[in-house]
1. Scan the range 311-370 for residues that are among the β-branched types (Val, Ile, Thr) and farther than 19 Å from Gly84 by Cα and report the count.
2. Just to confirm my filter: which strands (runs of 3 or more DSSP E) fall fully inside the range 306-376 and include at least 1 residues that are more than 30 Å from Ser285 (Cβ to Cβ)?
3. If you check Arg245 against the conditions, is it in contact with a Ser or Thr (Cβ under 8 Å, 6 or more places away or on another chain), over 20 Å from Arg172 (Cα atoms) and charged (D, E, K, R)?
4. What residue, among those in the range 335-376 that are under 22 Å from the mean Cα position of the chain (by Cα) and at positive phi, is modelled with the highest pLDDT?
5. Restricting attention to the range 257-277, does a residue exist that is open to solvent by 20 Å² or more (accessible area, probe 1.4 Å), of a type outside the set (Lys, Arg) and more than 31 Å from the chain's Cα centre (by Cα)?
6. Does Cys328 satisfy the criteria of being more than 18 Å from the chain's Cα centre (by Cα), surrounded by 14 or more Cβ atoms within 10 Å (Cβ to Cβ) and closer than 22 Å to Asp112 by Cβ?
7. Which strands (runs of 3 or more DSSP E) does the range 104-181 wholly contain that include 1 or more residues that are at negative phi and surrounded by 22 or more Cβ atoms within 10 Å (Cβ to Cβ)?
8. Consider only pairs whose beta carbons are under 6 Å apart and that are at least six residues apart or on different chains; among these, list those whose first residue lies in the range 73-97 and is part of a loop (DSSP other than H, G, I, E, B) and whose second residue is open to solvent by less than 20 Å² (accessible area, probe 1.4 Å).
Amino acid sequence: MRDELGSYREELERMKLTGESKKALAARLGRRQRREQPRRGLRLAGGLRQAAVIAAAVCLLTSAAVAVVAASPTLRDSVFGEGGGYEQSSAFIGRSIEKNGWTLTITDCVGDDLDWYLGLELEAPEGTVLDEENYFFGEDQNDITLDFPDLKADGGQKGLRQIPDDNAADNRLSFLVHARAFAFFDGSTGSFNGQRVRLVFPGLSHKNGAWIDEETGWEFELISDCDETWDFGTLTVSYPDSTIRLEPNLPVTTLDVEAAITEVEISPLSVRVLIEGDALKGHHSWVPRNAPDGYYGCMEYQEIILYSEDGSEFSVVCEDSDLSGSGCSGGTDPSEDGYLVLRRTYGRTLNGIPSRLVDVDSLTAISICGVVIPLR
């Protein structure tokens, strides 16, 4: 281990980190090492070994043309806050490109198998006022290059959100970039972690809208604020894997039939449950259309509760969650296995930005449709 640490130290020196960056990195690694706790009686994939933590802490450092900087983590400071959930799923990045006085910095990332978030900070030349509320890169919210060349995902998404600015009169903006894969085809790793990603951000823009009339509706004008392009090249995604993975195979009653809980995954970002059984085949024939969106209510109302070591409990309810990644076999295809996939995040804001992470090291149990599964 000492030789491995020495090797990482030499690599960090070659990257010429600033003194401030080295101190921040050392402090972060110290916190991670103190938090590292062995789990017992669980089927876990991966772990926070010290060398892996160091590798994660220098996430996305494969592009030599991009500067290494000391940066305040955007996702920690403006989205998730500090805490165990952030420490268990995040990596410091601190990569920056300056173009004619406009500097774009990738500050930090947070991820699990199916979701990956990047924090961005954009600093304009001194004296520039960025006081709009709908900035983006290119011509719309999705006009960024966020490509995983080695990963084929079913139903994947990408997007960008401007993070609300506490000081609209300054020359800085913050953004959250999000990649999601609902399911992975055979041959992929089944996770964003360890994948190569191509990141390019075209010029900064915003839209001004005006209401015309009832017949025409709104008309928008695209306004360019900066024509530069920030190309970070092809980088490598790396962050800690703290997901608890279980195969309990426990009986459960859901949708008024008997089935089995076959898989449970609890990450700092979300919980995913797989329930299987022949009785679930074709369940749209009896499940009512009472979901919030008017569809069949087969994945929204199962009770999921997380229990913590301090005695508190947290209900993961669909009203406060992003359910993307959920699915079912409610149709009429007789060859399809009977199943429900329940995937829920722990909270989100009205504009879709996630609002909560969970400290998985503090969890003691999970209850799914009344079936309690110990985590320790």
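1. Of the residues in that region, 6 qualify.
2. 313-315, 363-368, 371-374
3. Criteria not met by Arg245.
4. Gly347
5. yes
6. Spelling it out, Cys328 is indeed more than 18 Å from the chain's Cα centre (by Cα), surrounded by 14 or more Cβ atoms within 10 Å (Cβ to Cβ) and closer than 22 Å to Asp112 by Cβ.
7. Here the list reads 115-123, 172-180.
8. What qualifies is Pro73/Thr107; Pro73/Asp108.
The values are calculated or read from the model by the stated rules, or taken from the named source; none is laboratory data. Just so it is clear, the structure is predicted and the values come from calculations on it, not from any experiment. Quick reminder, even Gly has a Cβ in these numbers, built from the backbone with ideal geometry, and neighbours come from all protein chains shown. The protein model used for the area step is the full one, side chains on, heavy atoms only, and it has no ligands, DNA or RNA in it. Shrake-Rupley method; radii C 1.70, N 1.55, O 1.52, S 1.80 Å.
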